[in-house]
1. Anything in segment 97-126 that is under 12 Å from V78 (Cα atoms), part of a loop (DSSP other than H, G, I, E, B) and touching a helix residue (DSSP H, G or I) at 6+ places or on another chain (Cβ under 8 Å)? List them, or say none.
2. Mind checking which residues of segment 74-93 are of a type in the set (D, E, K, R) and surrounded by 19 or more Cβ atoms within 10 Å (Cβ to Cβ)?
3. Of the numbered conditions (1) closer than 30 Å to K137 by Cβ; (2) modelled with pLDDT of 50 or more; (3) out of contact with any helix residue (DSSP H, G or I) (no Cβ under 8 Å at 6 or more places or on another chain), W29 satisfies every one except a single condition; which is it?
4. So, of the residues in segment 269-290 that are assigned to a helix (DSSP H, G or I) and in contact (Cβ under 8 Å) with a residue 24 or more places away in the chain, which turns out to be farthest from P165 (Cα to Cα)?
5. Just to be sure before I move on: is S186 under 28 Å from P260 (Cβ atoms) and within 16 Å of the chain's Cα centre (by Cα) in the structure I sent?
6. Just checking, how many residues over segment 228-255 are under 22 Å from G75 (Cα atoms), open to solvent by less than 60 Å² (accessible area, probe 1.4 Å) and not hydrophobic (A, V, I, L, M, F, W, C)?
7. Considering only residues that are under 21 Å from S176 (Cβ atoms) and of a type in the set (D, E), look in segment 204-222 and name the one that is least open to solvent (accessible area, probe 1.4 Å).
8. Can you tell which of S176, S225, S276, S289 is surrounded by 15 or more Cβ atoms within 10 Å (Cβ to Cβ) and hydroxyl-bearing (S, T, Y)?
Amino acid sequence: MLQTDRVISRVKIEALILRFGIPPVIKSWWTTHIFFVVLLILLQAPKTAWAEDNYYQIINGSLDTVSDGYAKDRGYSVYFNFEGNQFLLDTGDNEHSFVGNLKTAGISLDDLDYVVLSHSHKDHTSGWPYLRRQRPKLPIYIPPGKVFSYSAEFDVVSDLLKITPNVILLHTHDESGSIRIKDELSLLIKTVEGPYLFTTNSHTDFIAKLEKSKGVLGENVFFHSGHTARRVTLEEEILEIAKKMKNLNIKKVSPSHSSPNHDKIFRQVFGTGYVSAILGKKVMLEPASN
């Protein structure tokens with residue numbers, strides 16, 4: 001368990017003690033003993049549902065890792081545990097590293113509620129055939145377009161789809177989309193801080209994704225995670241997008257599935273609003289109230 005997870009668990013246990021009025025000293029010695037043994041088990045447990053709800057975790061990528069148990073590659077996949085649902089955004093470049101990293105993270109395929117494939121490129125879709133073999137009825141959402149020519153059943157999202165009040169899938173179309181990709185799906189999550197937008201590549205216009213997100217929720221994106229620029233080697237394009245995001249009042253950014261140029265430029269433009277994207281690291285989310 002990460003140190004931050006231990007702190008979160010301890011804080012929640014202390015909150016339970018205050019909430020239910022459990023006294024700090026219990027007169028019966030055996031009751032006291034049992035009470036603190038249970039607390040110790042809860043603090044050490046690596047998979048306690050109430051202690052780890054509502055977070056996202058990058059499962060596949062070329063980033064630094066939280067431990068040697070994760071395999072880096074050029075693909076991309078993000079896992080979400082949010083409001084009782086577990087789901088994936090993309091499924092990586094390599095089935096072996098995708099499955100291995102899920103196991104390292106302690107994620108069971110049996111617990112997944114659905115999968116979102118942002119677009120059809122191999123570095124984002126290589127793990128879905130394995131998922132389909134293991135979970136034939138698992139819902140898999142894709143954008144429209146002929147590029148998804150697989151012989152499998154998908155759910156097409158052609159505009160937007162509200163999975164829950166706080167989780168929305170967004171489709172964007174761009175006739176000038178790069179590398180034959182004209183349609184993409186992004187993931188929008190409502191939190192107490194504001195909207196969190198997750199994109200993977202930006203083969204369709206990134207600013208259009210920000211504008212559509214604002215149109216859906218009526219407020220600017222607060223946090224962005226993922227990829228932003230089509231031509232990742234052009235520093236002037238990355239800098240222009242970073243400045244536009246800053247002008248749109250985006251407070252935090254976490255570039256991932258991108259080049260070192262992204263990190264360098266976004267660090268410069270956003271300063272303390274820059275959040276490092278680390279493979280396997282859990283980033284907590286607090287749902288918005290509805």
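1. Of everything in segment 97-126, those that are under 12 Å from V78 (Cα atoms), part of a loop (DSSP other than H, G, I, E, B) and touching a helix residue (DSSP H, G or I) at 6+ places or on another chain (Cβ under 8 Å) turn out to be L117, S118.
2. Of the residues in segment 74-93, the ones of a type in the set (D, E, K, R) are 74, 83, 90, 93.
If the condition is that a residue be of a type in the set (D, E, K, R) and surrounded by 19 or more Cβ atoms within 10 Å (Cβ to Cβ), then D90, D93 are the ones that fit.
3. Only one criterion in (1) closer than 30 Å to K137 by Cβ; (2) modelled with pLDDT of 50 or more; (3) out of contact with any helix residue (DSSP H, G or I) (no Cβ under 8 Å at 6 or more places or on another chain) is unmet by W29, namely (1).
4. Residues of segment 269-290 assigned to a helix (DSSP H, G or I): 269-273.
Those left that are additionally in contact (Cβ under 8 Å) with a residue 24 or more places away in the chain: 269-270.
Working: V269: 32, F270: 30 Å.
Among residues in segment 269-290 that are assigned to a helix (DSSP H, G or I) and in contact (Cβ under 8 Å) with a residue 24 or more places away in the chain, the one farthest from P165 (Cα to Cα) is V269.
5. Working: under 28 Å from P260 (Cβ atoms): yes; within 16 Å of the chain's Cα centre (by Cα): yes.
Considered against the rule, which asks whether it is under 28 Å from P260 (Cβ atoms) and within 16 Å of the chain's Cα centre (by Cα), S186 comes out as yes.
6. Result for segment 228-255: 3.
7. Step one: list which residues in segment 204-222 are under 21 Å from S176 (Cβ atoms), which gives 204-213, 215.
Checking which are of a type in the set (D, E) leaves us with 205, 211.
Values: D205: 65, E211: 119 Å².
The residue in question is D205.
8. Working: S176 fails: surrounded by 15 or more Cβ atoms within 10 Å (Cβ to Cβ); S276 fails: surrounded by 15 or more Cβ atoms within 10 Å (Cβ to Cβ); S289 fails: surrounded by 15 or more Cβ atoms within 10 Å (Cβ to Cβ).
Testing whether each residue is surrounded by 15 or more Cβ atoms within 10 Å (Cβ to Cβ) and hydroxyl-bearing (S, T, Y) leaves just S225.
The values are calculated or read from the model by the stated rules, or taken from the named source; none is laboratory data. Note that the structure is a prediction, hence the values are computed from the model and not measured. All Cβ positions, even for glycine, are placed from backbone atoms using ideal geometry, and neighbour counts span all protein chains on display. The area values use the complete protein model at the heavy-atom level, side chains included, leaving out ligands, DNA and RNA. Shrake-Rupley method; radii C 1.70, N 1.55, O 1.52, S 1.80 Å.
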